[in-house]
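The values are calculated or read from the model by the stated rules, or taken from the named source; none is laboratory data. Note that the coordinates shown come from a computational prediction; the quantities given were computed from them, not determined experimentally. Glycine gets a Cβ as well: all are built from the backbone with ideal geometry, and neighbour counts include every protein chain shown.
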Amino acid sequence: MTIGQWFGFQGRIGRQTWWLGYVLPLTAISIICSVLDIALGFVTIQDAAPVDGYGYGFETAGIGPFGLLSLIPLIWGGLAGQVKRWHDRDKSGWMVLINFIPLIGMIWALIELGFLRGTAGPNRFGADPLGGTAAQWQQQGWQGQPPQQQWQPQQPQQWQQPQPQQWQPQQPPQWQPPPAQGWQPSPQQGWQAPPQGYPPPQGPGAPPPGYGQPPAGYGQPPAGPPPGYGQPPQGSVPPVRRD
């Protein structure tokens, strides 16, 4: 911030700038000028009466040259800082007159200017001092409301003929003979010959004769029906018809 901007009444400032750029420097200037006036003998210190019975205070008689010089930055700079803080709150700079309301006005100004955030984004007094898109507008020298964007018709896109794709014949798959499968006999069902080593040895505990051999007639077709199967029994009486 330049000296001209510091003394100016245009634009906005944030809370941090107000505290560190105005309140703290102006308080330091006031203290330094008072000390110089007292040290150089321009102002004398006189004892004051007890304050409500709790100790003693002191007061100075008159004002020195350094105190007079400090009034310029104190009054001008103090008003400039408050006006720009009221602008950040999106309020008129004439709100500085609230300080003339006894007690309430100073407390109100201290709370609103020192502790409440300004308008988020740009307002009628300028860009947001906290940055973002508003910071870019401030760097370009824009003040006030954001510029109105004029509507511009979009240029129609020229149609472009698609590029023809070259046809490529697909290669037919090569025929491959199926893998040759060797002939395998189907598993034999029915009776299977006993393993080698049969017949078992004879002796006590040996299996009975014919153990492990197929039964008689195994694998042969069954014999025909018994004689007289399906014939009426002999000596049967034929049914009698009754009219």
> Considering only residues of region 74-111 that are assigned to a helix (DSSP H, G or I) and among the charged types (D, E, K, R), which is farthest from the chain's Cα centre (by Cα)?
Replying inline: 84
> Would you pick out the residues in region 99-126 that are aliphatic (A, V, I, L, M) and either surrounded by fewer than 18 Cβ atoms within 10 Å (Cβ to Cβ) or within 16 Å of residue 21 (Cβ to Cβ) (or both)?
Replying inline: 101, 103, 104, 106, 107, 110, 111, 113, 116, 120
>> All but one of (1) in contact with an Asp or Glu (Cβ under 7 Å, 6 or more places away or on another chain); (2) at pLDDT 90 or above hold for residue 64; state the number of the condition that does not hold.
In response: (2)
>> Can you find, within region 77-98, the residue that is surrounded by the most Cβ atoms within 10 Å (Cβ to Cβ) among those that are touching a residue at least 24 places away in the same chain (Cβ under 8 Å) and farther than 16 Å from residue 19 by Cα?
In response: 93
>> For the structure I just gave you, tell me whether residue 77 is modelled with pLDDT of 90 or more and within 30 Å of residue 111 (Cβ to Cβ).
In response: yes
